[in-house]
1. Could you tell me which of the residues Leu176, Leu142 is aliphatic (A, V, I, L, M), within 19 Å of Asp224 (Cα to Cα) and surrounded by 16 or more Cβ atoms within 10 Å (Cβ to Cβ)?
2. Is it the case that Val9 is β-branched (Val, Ile, Thr), free of Cβ contacts under 8 Å to residues at least 24 places away in the same chain and either more than 20 Å from Thr92 (Cα to Cα) or in a helix (DSSP H, G or I) (or both)?
3. What number of residues in the range 259-270 are surrounded by fewer than 19 Cβ atoms within 10 Å (Cβ to Cβ) and either at pLDDT 90 or above or of a type outside the set (A, V, I, L, M) (or both)?
4. Only residues that are among the acidic types (Asp, Glu) and at pLDDT below 75: list them for the range 312-329, please.
5. Could you check, for the range 93-110, whether at least one of its residues is in a loop (DSSP other than H, G, I, E, B), within 29 Å of Lys19 (Cβ to Cβ), touching a residue at least 12 places away in the same chain (Cβ under 8 Å) and not small (Gly, Ala, Ser)?
6. For the range 245-278, enumerate the residues that are within 14 Å of Val214 (Cα to Cα) and of a type in the set (Val, Ile, Thr).
7. Pull up the range 261-277, narrow it to residues that are under 18 Å from His238 (Cβ atoms) and outside any helix (DSSP H, G or I), then point me to the one that is farthest from the chain's Cα centre (by Cα).
Amino acid sequence: MDRWLQESVTRGDVFVLRKRLEQDEKIVRQTVPGSLNTILHLSARFGHLEYAKEVLKRWPDVVSMENADLETPLHEACRQGSLEIAKLILETDPWIVYKVNSRMESAFFAACEKGKIDVVKHLLMNSPQLLMLEVDMDTNSLHVAASSGFTDIVREILKACPDLAWKKNSQGCTPLHLSCIKGHLQITREFLHLDSDLCSLQDIQGRTPLHWAVIRGRMNVIDDILSFNLEFAQMTTHTGESILHLGVKNNQYEVVKYLTETLSMSRLLNLQDSDGNTVLHLATAGKLTAMVTHLLKIGVDVNAVNGKGYTALDVIEADASHSGLLAIVPALTEAGAKRCDQLSPGLIDIQQVAESTIKNVDERTSPHKSMSWPNKTPEYRSPRHHHPRTSRQRRKQLDLQNEGVRNARKTITIVAVLIATVTFSAGINPPGGFNQQTGIAVRGNRAGFKVFLACNIVALFLSIGVVNVLVSIIPFTRKNMMQLLTLTHKIMWLSSIFMIAAYIAAVWTTTPEGKGPQWVLVELILFGGGSTVALFVGLCCLLARHWHNKYKWRKFKQKKVKDESPKSSISQVEELRTMKNGRYSSSNSDVDSSDQGYHLY
């Protein structure tokens, strides 16, 4: 576009426009590079009415010109609220009002989006069929007006086309959903007075407008909705979450406090979602100290078990590193909270655990089929079958044991490298040194030197072998890892013994002959060697004791499994899972049989 022409439309200078048109009438058809806006687009944007009249007098067809976004000058006039220019354009071509841009938005949509109430009223009055364009749109004018908080525009649209209140966008949200999300109380009331059943509509996640108001903490909106009908508070999402679940999950403490203290929410207090979590599970999982304290005060069930078999105390102990643990655990304990493995049979929801167990088995066997559960309550056998190895205490023991095994592997590798380094250095720098002329060991003819050399060589190559094995073999199971560590550990014992022998032999070699020095050597052998032998004997005794405990534990387990018979549906499922997982054959006997907090290998 000509620079002088663009400056004139920015200032609204009609004199310059006329002067430029006298020189070249075709200049009025020029557009801005990139956006393709005409001078009528620009005059509508800046609100220059006289300038727009002059352009339309010279070139009436400009009203239908589209820019790069397929928008007409009417879109620009409505977006800026230039009512007089909009009227001028509509007088020139009334049908231009039905044109949409590249986003399928009309000029009316642009006016609603920017809150231009005067333009909205004029368009609705003169083009009553205008809203029919938006019947099939995902996001219509009522959506944007409700989201932006333009109450007058919402009222006008509902008066012209009330059916738009039920339209959902791509996320399944109605205009009332968007109003509750943003907390626009007056707009929410407009929808409630139109039809309170709008509060029962759900989005694609099953969330109602009340759910969204709770998520965002819109207290005034929540109070207004529930004043129409308290039954809206009973609705849950597709995942079984109530308004209390959503309030706790999003840490809306004041909302939860209002709902539980002002309204009767006793039914929702212990309601479980699709994962079996109550609001107390969610509060402890989120380390919400104030929320947990409030829920305990109003009498929530502290020992409810979720779908994984965990109580609230199990959930909070899953992350012992969090500072909130110091306040939450004592509060739960004082309220009578227990871990799942501490619950008595009468406190466990058998039906819930059984359904969860069958679901797990079904997912492992055939993910495309579903299993039905008989209506009668299955017979309860023992807590072990309801929570097989799921207690948090056992999980911690297994994690510590696995970490200890990995650290033992690293330690053995480091020690082996150190022994190899020491023995290698001793081999190339033998006791007594070398003859500088011949390069032969000075004390190479002594018996002690030969013992030193043999022991040093054996210790060196045993250590190198251990290093090569550990860096070459990466076991994937605990059993294989334990076997590898047992083998390398025994080799390390031998390597250590030969290194000690090499040291004693080296001292023997360099000790001068005579009664006094020889007694020093004997004392060294008796003290050092005796201490080493005593250490190894003690370790062997501990190892024997550990093997004995494992033997007794396995005998007890075999007898216990043999005595138990699958008499109920739960036991049949557990038997299947046991056979599937190989529980008895692969159980961690090192942890279960040890009462000292450690085991040997």
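1. Numbers: Leu142 fails: within 19 Å of Asp224 (Cα to Cα).
Result of the check over Leu176, Leu142: Leu176.
2. Values: β-branched (Val, Ile, Thr): yes; free of Cβ contacts under 8 Å to residues at least 24 places away in the same chain: no; either more than 20 Å from Thr92 (Cα to Cα) or in a helix (DSSP H, G or I) (or both): yes.
Against the criterion (β-branched (Val, Ile, Thr), free of Cβ contacts under 8 Å to residues at least 24 places away in the same chain and either more than 20 Å from Thr92 (Cα to Cα) or in a helix (DSSP H, G or I) (or both)), Val9 does not qualify.
3. Residues meeting the conditions: 6.
4. The first filter runs over the range 312-329 and keeps only residues among the acidic types (Asp, Glu), leaving 314, 317, 319.
Residue satisfying the conditions is Asp319 alone.
5. Initial filter on the range 93-110 (in a loop (DSSP other than H, G, I, E, B)): 93, 99, 101-105.
Add one more test, that the residue is within 29 Å of Lys19 (Cβ to Cβ), and what stays is 93.
From the residues that got through so far, the ones that are touching a residue at least 12 places away in the same chain (Cβ under 8 Å) too are 93.
Filter once more, keeping what is not small (Gly, Ala, Ser): 93.
Checked against the condition, which is being in a loop (DSSP other than H, G, I, E, B), within 29 Å of Lys19 (Cβ to Cβ), touching a residue at least 12 places away in the same chain (Cβ under 8 Å) and not small (Gly, Ala, Ser), the range 93-110 yields at least one hit.
6. Of everything in the range 245-278, those that are within 14 Å of Val214 (Cα to Cα) and of a type in the set (Val, Ile, Thr) turn out to be Val248, Val255, Val256, Thr260.
7. Step one: list which residues in the range 261-277 are under 18 Å from His238 (Cβ atoms), which gives 268, 271-277.
Next cut, outside any helix (DSSP H, G or I) only: 271-277.
Numbers: Leu271: 23, Gln272: 20, Asp273: 18, Ser274: 17, Asp275: 15, Gly276: 18, Asn277: 16 Å.
Among those residues, the one meeting the criterion is Leu271.
One line per residue, one yes/no per condition, for (1) crowded, with 16+ Cβ neighbours inside 10 Å; (2) at pLDDT below 75; (3) touching a strand residue (DSSP E or B) at 6+ places or on another chain (Cβ under 7 Å):
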position	(1), (2), (3)
Ser382	no, yes, no
Ile412	yes, no, no
Ser425	no, no, no
Pro475	no, yes, no
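The values are calculated or read from the model by the stated rules, or taken from the named source; none is laboratory data. Predicted model, so just to flag it, every value in this text is computed and none were measured. Because the Cβ atoms are built from the backbone with ideal geometry, glycine has one as well, and the counts that use them run over all protein chains shown.
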